[in-house]
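S.K.: This is the structure I have questions about; it appears just below.
The values are calculated or read from the model by the stated rules, or taken from the named source; none is laboratory data. Model, not experiment: these values are computed from the prediction. Here the Cβ positions follow ideal geometry from the backbone for every residue, glycine too, while neighbour counts run over all protein chains shown. Heads up: the accessible areas ignore ligands, DNA and RNA and are worked out on the full protein's heavy atoms, side chains in. Shrake-Rupley method; radii C 1.70, N 1.55, O 1.52, S 1.80 Å.
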Amino acid sequence: MSVSDLPKKEVNVLKGHEGAVLAARFNKDGNYCLSCGKDRTIRLWNPHRGIHIKTYKSHGREVRDVHVTLDNSKLCSGGGDRQIFYWDVASGRVIRKFRGHDGGVNAVKFNEYASVVVSAGYDQSLRAWDCRSQSTEPIQIIDSFTDSVMSVCLTKTEIIGGSVDGTVRTFDIRMGRELSDDLGQPVNCISMSNDGNCILASCLDSTIRLLDRSSAELLQEYKGHTCKSYKLDCCLTNTDAHVIGGSEDGSIFFWDLVDASVVSSIRAHSSVVTSVGYHPKDNCMVSSSVDGTIKVWKT
């Protein structure tokens, strides 16, 4: 992918949230996106046409993260009210609420089969919840972190968490084994490369770090943006050629994956860019901000 292919042209602004938007996520095929924020709502959009489709309301505090199943039928969400909500997308009904975290929920993810939700909490734990069971108790609690867990990624056999304690920890569920990579700086977001070989970790020293999953080697560091006091998402483009990250000054940065040079930056929002999400197939991106907007970018 060349630099000219990067999505830097604003094509739509999605408005409707009252207050900061904390996350924006594409669904699996990239036809829709979800957002959540300080106004306690989750919103479903067609970002390509700039249309708001549905609003989901039930949380008692801000909603910090949302994830949708591969078949687009169910949602999970978590936030400041310490609960994980499991939703039916079509009806907007809450199917189940999972309670157990002693603090706010920072991140949620479905597993591949949408049978389990894993949540990352302010209470220094990762918890796994069975969507098919009537029980509201977690089926697994991972509490080896020493500070708030900010972000979670899943593979078929592993749960990976990033924490303010400076670690990225990988738990092999089959083997019952834990691996810990200490980055020495608070981690506020992790995301996985599309080939599954690397983890991208955004740290609060205004640096995004790339880790090799098999060797735990630090492959590269990406700098230029400001990330000191907010949870800011980072991600890779769908070809894994470029790293994308938001900045507290409202900019979005694009780095070359290999040499870590800033190949482009755009003044995207009037305030902190909380989230960036890349389309699974096309050169298209969504970004969300404390300024209350979600923007759609194309080449």
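S.K.: Sort the stretch 110-187 into rounded, prolate or oblate with this rule: let a ≥ b ≥ c be the square roots of the eigenvalues of the Cα gyration tensor; rounded if a/c is under 1.5, and if a/c is not under 1.5, prolate when a/b is larger than b/c, oblate otherwise. Let's see the in-between values first.
M.R.: On the way: a/c = 2.19, a/b = 1.61, b/c = 1.36.
Judged from the Cα gyration tensor, the stretch 110-187 comes out prolate (a/c at least 1.5, a/b above b/c).
S.K.: Grab the beta carbon distance between Ser261 and Arg99, set R0 = 41 Å, and tell me the FRET efficiency rounded to 0.05.
M.R.: Plugging the Cβ-Cβ distance into 1/(1 + (r/R0)^6) gives 0.35.
S.K.: Rule-of-thumb check for the stretch 1-58: C-alpha Rg over 2.2 N^0.38 Å? Working shown, then result.
M.R.: Values: Rg = 12.8 Å, N = 58, 2.2 N^0.38 = 10.3 Å.
For the stretch 1-58, the normalised Cα radius of gyration is 1.25.
S.K.: Whole-Å semi-axes of the stretch 66-138's equivalent ellipsoid, largest first, each the root of 5 times a Cα gyration tensor eigenvalue?
M.R.: 19, 12, 11
S.K.: Would you kindly calculate the translational diffusion coefficient of the stretch 207-299, applying Stokes-Einstein with the Kirkwood radius from alpha carbon pairs, for 4 °C and a viscosity of 1.567 mPa s, and quote it in µm² s⁻¹ without decimals?
M.R.: Working: Rh = 13.4 Å.
D, rounded to a whole number, is 97 µm²/s.
S.K.: Would you kindly state how much longer the chain becomes between Ser135 and Asp5 on full extension, computed as 0.36 nm times their sequence separation minus their alpha carbon distance, in nm to one decimal? Could the numbers behind the result be given before it?
M.R.: Values: separation 130, 0.36 × 130 = 46.80 nm, distance 4.76 nm.
Working it through step by step, the gained length comes to 42.0 nm.
S.K.: Would you mind pulling out the separation of the Cα centroids of the stretch 10-80 and the stretch 156-171, in Å?
M.R.: 25 Å
S.K.: Let me ask something additional. So, with a 1.4 angstrom probe, what is the percent of accessible area on the stretch 196-299 that is carbon and sulfur? Kindly include the intermediate steps, with their values, before the conclusion.
M.R.: Details: 1650 of 3550 Å².
So the carbon and sulfur contribution to the accessible surface is 46 percent.
S.K.: Mind grabbing the base-10 log of I(q)/I(0) for the stretch 60-201 at q = 0.17, 0.18, 0.19, 0.20 Å⁻¹? Debye formula, identical points on the C-alpha positions, no solvent, two decimal places.
M.R.: At q = 0.17, 0.18, 0.19, 0.20 Å⁻¹ the computed log10 ratios are -0.88, -0.99, -1.10, -1.22.
S.K.: OK, next. Using the Kirkwood formula over every pair of different C-alpha atoms, what hydrodynamic radius in Å results for the stretch 156-282? Don't skip to the end; give the middle numbers.
M.R.: Details: mean 1/r = 0.0680 Å⁻¹.
Answer for the stretch 156-282: a Kirkwood hydrodynamic radius of 14.7 Å.
S.K.: Let me ask something additional. For the stretch 245-299, what is the convex hull volume of its Cα atoms per residue in Å³? List each step's numbers first, then the result.
M.R.: Details: hull volume 4.3 nm³, N = 55.
Dividing the Cα hull volume of the stretch 245-299 by its residue count gives 79 Å³.
S.K.: If you build a Gaussian network model of the chain, linking Cα atoms that sit under 10 Å apart, which residue out of Val63, Val105, Val262 swings the most?
M.R.: Val262
S.K.: More than 31 angstrom separation, counting every C-alpha pair in the chain; what % is that? Before the final figure, lay out the partial values.
M.R.: Details: 9175 of 44551 pairs.
Result for the distance tail: 21 percent.
S.K.: Just the accessible area per residue of the stretch 126-169, please: how many Å² with a 1.4 Å probe? Before the final figure, lay out the partial values.
M.R.: Numbers: 1780 Å² over 44 residues.
Result: 40 Å² of accessible area for each residue.
S.K.: Shifting gears a bit: Taking springs between alpha-carbon atoms closer than 10 angstrom, which of Tyr230, Tyr113, Tyr222 fluctuates most in the Gaussian network model of the chain?
M.R.: Fluctuation is largest for Tyr113.
S.K.: In whole Hz and in residue order, list the ³J(HN,Hα) couplings for the stretch 69-80 that follow from phi through the Karplus curve 6.51 cos²θ - 1.76 cosθ + 1.60, θ = phi - 60°; x for Gly and Pro.
M.R.: For the stretch 69-80, the Karplus-derived couplings read 5, 4, 8, 6, 8, 10, 10, 10, 8, x, x, x Hz, x marking Gly and Pro.
S.K.: Quick one: 3J(HN,Hα) in Hz for the stretch 267-277, Karplus 6.51/-1.76/1.60 with θ = phi - 60°, rounded, Gly and Pro as x.
M.R.: Result, ordered by residue: 7, 9, 9, 8, 8, 3, 8, 7, 8, 10, x Hz.
S.K.: Same structure, new question: If DNA, RNA and ligands are ignored and the probe is 1.4 Å, what is the ranking of Arg64, Arg267 by accessible area, most exposed first?
M.R.: Arg267, Arg64
S.K.: Over the Cα atoms of the stretch 195-235, how large are the radius of gyration and the largest Cα-Cα distance (Dmax), in Å?
M.R.: Looking at the stretch 195-235, its Cα Rg and Dmax stand at 10.7, 30 Å.
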